[in-house]
Ligand SMILES: *Cc1c(COP(=O)(O)O)cnc(C)c1O
């Protein structure tokens, strides 16, 4: 059996004609830069997450960069985030000449450990970027409480978490600004790169909308030095079709996650693997279903040889990346992030998986541990 980590073809087949019609209509209009489709998607995403505003941008990475710019982060400032995330979270900070200051994660849900925040703050701290990793929200209540007291901004990196909830509120309204990615492998993925920033703050929304078009509100009049980062109309057309089905896909992912829990328990594998830990305050949308496993790299190649696609998100924490040597972090500084990087393995979770496929994944893992 062959089970890729993610198979977008089945999803596409289920809505092919609707997507092609939306693309065709956009081509017939010949309006590709901003315009009504982008506005429609912004409104739809704002309604979906429950935010007052949403601004379409070119990628999740740019969403992070623009959110930091809107908060006025500049050279010499410090921004707190986690080292166990996709590079873009920290890269956006560095692009502005600011310094990423890393905070270790909690071992249970892989998200920022708020108990470590306060001691990492200095007079230069401007913002905190918690990441809702794998589709489960960080502990925003604690993070917001500290941020409010210390008067620093909070940017949710919600790139993996559209539709995720904490205490009944969706990612996108849990900080000052939130950043989404529509990279194809996210739960809501376009046919290329795209992103969005949501906020309840009108001034911040206006600032993002200005910064994404080279800092101008009125054409050829530049109030700030922005960038070119627009969500293009073709992506908006595709995403408008897909957004209608997002909850149904999330439900499928959650159903598969629950089934994995049953199957791993029945296979008596819980001494070799650790299942994702669900925080009772959270609604997890399982952009990834990430295990901690023994003999990770051997298991991974065994699964590959037997047709099961997996991925390690993420094998090298950011504080140990070559490009961050000058930050001066050494191995051992963030033990939870370093341990997670050695133990995690994400397995297929997309909604279209059949029960037979889920059983095959678990049986193959069980077969590996019988031999090892
Ligand atoms: C995908 C992702 C990003 C970047 O999004 P792009 O659209 O690929 O630029 C940022 N942060 C996290 C946590 C992500 O998963």
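A few notes on this one:
- Unmet requirement for residue 243, which otherwise passes all of (1) surrounded by fewer than 13 Cβ atoms within 10 Å (Cβ to Cβ); (2) out of contact with any strand residue (DSSP E or B) (no Cβ under 9 Å at 6 or more places or on another chain): (1)
- Wholly enclosed helices (runs of 4 or more DSSP H) of the range 219-316 bearing at least 1 residues within 30 Å of residue 197 (Cα to Cα), in contact (Cβ under 8 Å) with a residue 24 or more places away in the chain and within 16 Å of the ligand (Cβ to nearest atom): 233-243, 246-266
- Taking the criterion of being more than 11 Å from the ligand (Cβ to nearest atom) and surrounded by 24 or more Cβ atoms within 10 Å (Cβ to Cβ), the residues of the range 176-186 that qualify are 177, 178.
- Per the conditions (1) on the phi < 0 side of the Ramachandran plot; (2) free of Cβ contacts under 8 Å to residues at least 60 places away in the same chain, the sole criterion not satisfied by residue 328 is (1).
- Where residue 161 falls short, out of the listed (1) buried (at least 24 other Cβ atoms within 10 Å of the Cβ); (2) within 11 Å of the ligand (Cβ to nearest atom); (3) farther than 20 Å from residue 49 by Cα: (3)
- Unmet requirement for residue 69, which otherwise passes all of (1) within 14 Å of the ligand (Cβ to nearest atom); (2) out of contact with any strand residue (DSSP E or B) (no Cβ under 8 Å at 6 or more places or on another chain): (1)
- Candidates 154, 173, filtered to the one that is within 16 Å of the ligand (Cβ to nearest atom), more than 13 Å from the chain's Cα centre (by Cα), within 26 Å of residue 74 (Cα to Cα) and crowded, with 17+ Cβ neighbours inside 10 Å: 154
- Any hit, the range 198-209, residues being part of a loop (DSSP other than H, G, I, E, B), more than 11 Å from the ligand (Cβ to nearest atom) and either closer than 28 Å to residue 121 by Cα or touching a strand residue (DSSP E or B) at 6+ places or on another chain (Cβ under 7 Å) (or both): yes
- Members of the range 116-131 found to be touching a helix residue (DSSP H, G or I) at 6+ places or on another chain (Cβ under 9 Å), more than 15 Å from residue 73 (Cα to Cα) and not in a loop (DSSP other than H, G, I, E, B), listed by number: 118, 131
- Test for residue 203: is it free of Cβ contacts under 8 Å to residues at least 12 places away in the same chain and within 19 Å of residue 52 (Cα to Cα): yes
- Number of the condition not met by residue 30 [criteria: (1) touching a strand residue (DSSP E or B) at 6+ places or on another chain (Cβ under 8 Å); (2) on the phi > 0 side of the Ramachandran plot]: (1)
- Flag if residue 259 is over 30 Å from residue 207 (Cβ atoms), outside the structural domain of residue 22 (by TED's automatic domain parsing), at pLDDT 95 or above and touching a helix residue (DSSP H, G or I) at 6+ places or on another chain (Cβ under 7 Å): yes
The values are calculated or read from the model by the stated rules, or taken from the named source; none is laboratory data. Model, not experiment: these values are computed from the prediction. As a convention, Cβ positions derive from the backbone with ideal geometry for all residues, glycine included, and neighbour counts pool all protein chains shown.
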